[in-house]
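Novice: Here you go, one structure.
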Amino acid sequence: MTDIAESASRPSRALKRPAILGGLALLLALAALLSLATGAMPLAVGDVLRALFGLEVDAQSAAVITMIRLPRMLLAIIVGAALAGAGAALQGLFRNPLADPSLIGVSSGAALGAVTVIVLGGAVVAILPFAASPLLLPFAAFLGGLGATFVMQRLAQSGGQAATATLLLAGIAINAMAGAATGVLVYVSNDTQLRDFTFWSMGSLAAGGWPGFTIAALPIAAALAAIVVSARALDAMLLGEREALHLGVPVQRLKNVVMVASALAVGSAVAVSGIIGFVGIVVPHLVRMIAGPDHRIVLPGSILAGAALLLVADMVARVVVAPAELPIGLVTSALGSPFFLWLLVRRRRFG
């Protein structure tokens, strides 16, 4: 009888993964199409499709789509995918559903790199070639995020090993130190520099364009590929580190891969978009509520859902105060914080 039940359940489990991922992919495609049509200058979906397929459309609409909205749409996809994919991987690694990329110090390290360039980078920009100077801020933010992760790992390691709790504590320490250094630089900045950093820290996709997408696409794609490949090992980690080790999972190597890949993905995303909160913690929970704990669904599902969510948030940011636009970090915080509070209340009520 048990064998019959198990054999009957196999098809449903086999169909569950493609059904969920297919639905999320369809949602992402719809959000991408609406993103190209939405903005201060509304466009018909038909005009968007004609422009994408190289058919005849008026010159103004074609320019808006190909030069402004298409790179912004692609940037939103890779940034949302990076934040949500890294969040899902870190929650699985730490076995903590409230973990997110900020725990490993990437965001605070990137903020420190960005404010360093904004406050102290004038002399460096003056000696750089004109073509390289716009890349200085994202490059510094990227190095700051990776540097913070590297320091955290070095602090947490002992005898070549790093306990999960020690990694979390080291991440908290790095966040505090980077936050203090950022505060000092903000304190000595002038009004213009303070305004620049404030807007950068709120997050925006407006300034990225094709250069931002080009810079971030390859490292984010490589990092997400490494994360998705780790799905089975992360499933084993749900049982505990000792049990995963007995099952043949190289626990320490898994930690290194997930940490470095998450830092690479989030550092690249933050470098071109600023700090965008709540995507890395909210999206994996939404996917788990639909799909369960299987990381073979949760990881790619979070990547797809994170991209779709950020596209929706970007559309809201563009139209709610048009022709101006809100920083996208404010939109994601407004959308994510109520869900986060509901999650805390639910966990407290149901244990």
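What follows is calculated from the coordinates using simple rules that are stated; it is not laboratory data. What you are looking at is a predicted structure, and each value in this text was computed from that prediction instead of being measured. Note that each Cβ is placed from the backbone with ideal geometry, even for glycine, and that neighbours are counted across all protein chains shown.
Novice: When the Kirkwood hydrodynamic radius is evaluated over all pairs of different C-alpha atoms of the stretch 35-117, what value in angstrom, to one decimal, is obtained?
Specialist: On the way: mean 1/r = 0.0641 Å⁻¹.
When all Cα pairs of the stretch 35-117 are included, the Kirkwood radius is 15.6 Å.
Novice: Let me ask something else. Which value, in debye to the nearest 20, gives the size of the charge dipole of the chain about its Cα centre, when Lys and Arg are +1 and Asp and Glu are -1 at the Cβ?
Specialist: Working: 21 positive and 14 negative charges, 178 e Å.
My answer is approximately 860 debye.
Novice: Packing-wise, with mean Cβ within 10 Å as the measure, how do 261-269, 215-223, 139-147, 79-87 rank, highest first?
Specialist: On the way: 261-269: 30.0, 215-223: 19.6, 139-147: 23.9, 79-87: 32.9.
Answer by packing, highest mean first, reads 79-87, 261-269, 139-147, 215-223.
Novice: Mind telling me which of Leu341, Leu168, Leu30 comes out most flexible in a GNM of the chain, alpha-carbon contacts under 10 Å?
Specialist: Leu341
Novice: Same structure again: Between Ala19 and Val45, what is 0.36 nm times their sequence separation minus the Cα-Cα distance? Round to one decimal in nm. List each step's numbers first, then the result.
Specialist: Working: separation 26, 0.36 × 26 = 9.36 nm, distance 2.63 nm.
So the extension gain works out to 6.7 nm.
Novice: A further question on this structure: Which percent of the Cα-Cα distances in the stretch 249-351 go past 22 Å?
Specialist: Details: 2223 of 5253 pairs.
Roughly 42 percent, once rounded to a whole number.
Novice: Going toward the positive end of the dipole of the chain, with +1 on Lys and Arg Cβ and -1 on Asp and Glu Cβ, which of Leu120, Gly208, Val279 do you reach last?
Specialist: Val279
Novice: First measure r as the distance between the Cβ atoms of Arg154 and Leu341, then evaluate 1/(1 + (r/R0)^6) with R0 = 30 Å and state the FRET efficiency to the nearest 0.05.
Specialist: On the way: r = 35 Å, r/R0 = 1.18.
It comes to 0.25.
Novice: Can you tell which of Arg95, Arg296, Arg154 shows the greatest fluctuation in a Gaussian network model of the chain with Cα springs below 10 Å?
Specialist: Arg154
Novice: Quote to one decimal, in nm, the extra length available between Ala222 and Ala324 on full extension: 0.36 nm per residue of separation minus the C-alpha distance between them. Spell out each step's value before the answer.
Specialist: Values: separation 102, 0.36 × 102 = 36.72 nm, distance 3.46 nm.
Extra length available between Ala222 and Ala324 comes to 33.3 nm.
Novice: Starting from 0 in steps of 10 Å, tell me what percent of the Cα-Cα pairs of the chain lands in each bin.
Specialist: Values per bin, smallest distances first: 6, 23, 32, 24, 11, 4, 1, 0.
Novice: Given the DSSP H assignment, sum -39500 (n - 2.57) over each helix run of at least 4 residues in the chain and divide by its residue total; what's the result at 222 nm in deg cm²/dmol, nearest 500? Numbers along the way, then the final one.
Specialist: Working: 16 runs with 271 residues, N = 351.
So the calculated ellipticity at 222 nm is -26000 deg cm²/dmol.
Novice: Along the positive direction of the dipole of the stretch 61-350 (beta-carbon charges: Lys, Arg +1; Asp, Glu -1; about the Cα centre), which of Pro250, Gly179, Ser189 reaches farthest?
Specialist: Of the candidates, Pro250 comes out farthest on the positive side.
Novice: For the chain, return all DSSP H helices satisfying: extent of Cα atoms along own axis at least 27 Å; mean Kyte-Doolittle hydropathy at least 0.5. Show your work: numbers first, answer last.
Specialist: Values: long enough: 2-37 (53 Å, 0.86); 70-94 (36 Å, 1.68); 136-156 (30 Å, 1.39); 164-188 (37 Å, 1.73); 209-229 (29 Å, 1.87); 251-273 (32 Å, 1.29); 295-319 (36 Å, 1.47); 328-350 (33 Å, 0.80).
Span-like helices here: 2-37, 70-94, 136-156, 164-188, 209-229, 251-273, 295-319, 328-350.
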